[in-house]
Amino acid sequence: MGKVHIMDHPLIQHKLTYIRDKNTGTKEFRELVDEVAMLMGYEITRNMELQEVTVETPVATCKSKVISGKKVGLIPILRAGLGMTDGILKLIPAARVGHVGLYRDPDTLEPVEYYVKLPKDIEERKLIVIDPMLATGGSASAAITALKKRGAKNLQLMCLIAAPEGIERVQKDHDDVDIYVAAVDEKLNEKGYIVPGLGDAGDRLFGTK
Ligand code: PRP
Ligand code: URA
C-alpha cells in the first residue's frame, strides 16, 4: 500500500493556516500556495539520487555531488494544481510539465476529464501529480489512471489538504503511489468539501467566486 507522508515542517504548517483563513484574499492566497508548494517540493525531493562529479573551485579540484537518476515530470490537475506548479519549478526548473484537466461534477462528485497533454517520455520520468485538494479522491485517482494508461510507471501524489476518504480511495485504486500532504483533515461535508479544509481551491486561487 502507498504510504502517506505528512509534511509537518513548521513553515508549511504556519503558511497553511493563512491559506485556510477565509479572510485571506486571492493575491495572498496564491502567493502562500506557491510558497508552500516550494517547501513541499523541497521535502518530496529529499531522497533524490546523487552522483559524484569532479569540480574545480578557484582554489582546488574536489569531488562534489549533483542530482542524478530519473528526470522529473510535474502533473498539475487543472485548474487548482496550477497554483502549486511554479513553486516546485523554482526548485526543479528542468522538470517537464504535463497537464490533466478534470472537473468534479457538482451533483455526482465524479471527475470529468477534458484535457490531457503530457511530455513524450513520461514512462521514463518520476511524476509528481499535484492538486491542492484530495477530497473524495476521485479526481486524483482518475488522473493517475489516465497517466498509467499512457505509460507512467513512477508516480507520487502531492496535495495540500486531504480528507481521510480521499487517501483511502487513492490507496485502494493505486497501491503503488505514495501520498504527500501538509494536513489530513477531519471529513467531507455533504457537498464533498473537506472540513475544515480551505473552501474551493480553484475559486480562491483564481478569484472566480
Ligand atoms: C477540485 C480540486 C481537485 C478536486 C478534488 O477541483 O482541485 O481537483 O476538486 O475533489 P475530489 O477529490 O473529490 O475529486 P475542481 O473539480 O473544483 O476543479 P477546478 O480545479 O477546476 O476548480
Ligand atoms: N475541491 C475543493 O476545491 N475543495 C474541497 O474542499 C473539495 C474539493
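Some observations on this one:
- Just the protein heavy atoms count here, and of the accessible area of the chain at 1.4 Å, carbon and sulfur take up 51 percent.
- Förster-model FRET efficiency, 25 Å R0, T57 and K90, C-beta, rounded to 0.05: 0.45
- Relative contact order (%) - the chain, alpha-carbon pairs under 8 angstrom, separation at least six: 23
- Accessible surface comparison of I6, I194, probe 1.4 Å, protein chains only, largest first: the order is I6, I194.
- The chain: C-alpha gyration tensor shape, a/c 1.5 cut-off, then a/b vs b/c: prolate
- With helices as the sole contributors, the chain gives -10000 deg cm²/dmol at 222 nm; each DSSP H run of n ≥ 4 counts as -39500 (n - 2.57), and the sum is divided by every residue.
- Scalar couplings 3J(HN,Hα) for the stretch 21-27, obtained by applying the Karplus form with A = 6.51, B = -1.76, C = 1.60 to θ = phi - 60°, are 4, 5, 7, 7, x, 4, 4 Hz; x denotes Gly and Pro.
- Stretched out straight at 0.36 nm per residue, the stretch from T45 to L109 would grow longer than its current Cα-Cα span by 19.8 nm.
- Too-long pairs where the Cα-Cα distance tops 25 Å, listed order kept, from K15/K209; K172/K209; K90/K126; K22/K148; K3/K191; K65/K90: K172/K209; K22/K148; K3/K191
- Sequence ranges 132-141, 36-45, 181-190, ranked by mean other-Cβ count within 10 angstrom, highest first: 132-141, 36-45, 181-190
- Averaged per residue, the chain has 54 square angstrom of accessible surface, using a 1.4 angstrom probe with ligands and nucleic acids left out.
- Among 111-123, 168-180, sorting by the average number of other beta carbon atoms lying within 10 angstrom of each residue, highest first, gives 168-180, 111-123.
- Rounded to the nearest 10 square angstrom, C62 shows an accessible area of 50 square angstrom against a 1.4 Å probe.
The values are calculated or read from the model by the stated rules, or taken from the named source; none is laboratory data. Note that the structure is predicted; figures quoted are calculated from it, not measured. Glycine also receives a Cβ, built like all others from the backbone with ideal geometry; neighbour counts cover every protein chain displayed. Note: accessible area is taken over every heavy atom of the protein model, side chains too, but ligands, DNA and RNA are not part of it. Shrake-Rupley method; radii C 1.70, N 1.55, O 1.52, S 1.80 Å.
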